[in-house]
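Trainee: Before I ask anything, here is the structure I am working with.
The values are calculated or read from the model by the stated rules, or taken from the named source; none is laboratory data. What you are looking at is a predicted structure, and each value in this text was computed from that prediction instead of being measured. Note that each Cβ is placed from the backbone with ideal geometry, even for glycine, and that neighbours are counted across all protein chains shown. Each accessible area value is taken on the protein alone, full model and side chains, heavy atoms only, with ligands, DNA and RNA left out. Shrake-Rupley method; radii C 1.70, N 1.55, O 1.52, S 1.80 Å.
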Amino acid sequence: ACDTSGNQVLPVVACDGDALAARGTPFLASDVDLHVERGGAPLLDPVAADVSSYLGTMWSGTYPAADSAPDFSKKLTVWISTSAAARAAAGFTATDGYSIVRLDPPGGTRVLVVANDSKNLAFGAYALLEELGARFFHPKDEIVPVLSHPVVPWTLHVTRAPAFQKRGLQLHTLHPIE
């Protein structure tokens, strides 16, 4: 996060494209494969569209989201899935929440976002966009950095679970907050 003067404060989150590019592995746009396995869940259709759109903006390219398991033929594969194969590859054993994991086996880099259900997978997909630099402050206020090429942080290993059984948003409408 940054203060009003642009100085970074804890927790340290990159505030510009140059800082984001310096903290990860660069790839060519043609070397990226995006897979959002929806499994027939309508909740994931707009998520797939958003991930494709935001990555296109951030990484200055076109990244259509395939609704299938990847073949790992590209140097970077982003795989967003609830499948047992994806969860096993990421080492995800939790009953709730999601994981975001970067794997570097021979033959290419893999970024996996996994969960047990579509709701948690949606949370994980947007968390991945935040890990890559997007900031969602308000439905009408966001910051999406523009880089000249895809960049993935050198380390990504995030597992999150909800703090409360029921998640949601309570709007305070008794008087204006601003």
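Trainee: What whole-number value in Å² describes the accessible area per residue of region 87-129 for a 1.4 Å probe? All intermediate terms of the calculation are to be shown ahead of the outcome.
Mentor: On the way: 1620 Å² over 43 residues.
On a per-residue basis, region 87-129 sits at 38 Å².
Trainee: Of all accessible surface on the chain at a 1.4 Å probe, what whole percent is carbon and sulfur? Show your work: numbers first, answer last.
Mentor: Numbers: 5760 of 10130 Å².
With neighbouring chains kept in place, the figure for the chain is 57 percent.
Trainee: Run the quick spin-label model on H138 and L174: label points 7 Å from Cα toward the beta carbon, then report their separation in nm to one decimal.
Mentor: That separation, rounded to one decimal, is 2.2 nm.
Trainee: Determine the shape class of region 97-163: with a ≥ b ≥ c the square roots of the Cα gyration tensor eigenvalues, call it rounded for a/c under 1.5, and otherwise prolate if a/b is greater than b/c, oblate otherwise. Don't skip to the answer; put the middle values down first.
Mentor: Details: a/c = 2.41, a/b = 1.08, b/c = 2.22.
It is oblate, given that a/c is not under 1.5 and a/b is not larger than b/c.
Trainee: Once the convex hull of the C-alpha atoms of region 44-103 is built, how many Å³ does it hold per residue, rounded to a whole number? Present the calculation step by step, with values, prior to reporting the outcome.
Mentor: Numbers: hull volume 6.3 nm³, N = 60.
Dividing the Cα hull volume of region 44-103 by its residues yields 106 Å³.
Trainee: Answer rounded, prolate or oblate for the chain, using the Cα gyration tensor with square roots of eigenvalues a ≥ b ≥ c: rounded when a/c is under 1.5, else prolate when a/b is larger than b/c, else oblate. Working shown, then result.
Mentor: Numbers: a/c = 1.66, a/b = 1.15, b/c = 1.45.
It is oblate, given that a/c is not under 1.5 and a/b is not larger than b/c.
Trainee: Tell me, what is the percent relative contact order of the chain, built from C-alpha pairs under 8 Å that lie six or more residues apart? Intermediate results must be reported in sequence, preceding the final value.
Mentor: Numbers: 309 pairs, mean separation 44.2, N = 178.
Here the relative contact order equals 25 percent.
Trainee: Next question, about the same structure. With +1 on the Cβ of every Lys and Arg and -1 on the Cβ of every Asp and Glu, and nothing else charged, how large is the dipole of the chain about its Cα centre, in debye rounded to the nearest 20? Don't skip to the end; give the middle numbers.
Mentor: On the way: 13 positive and 18 negative charges, 81 e Å.
About 380 debye.
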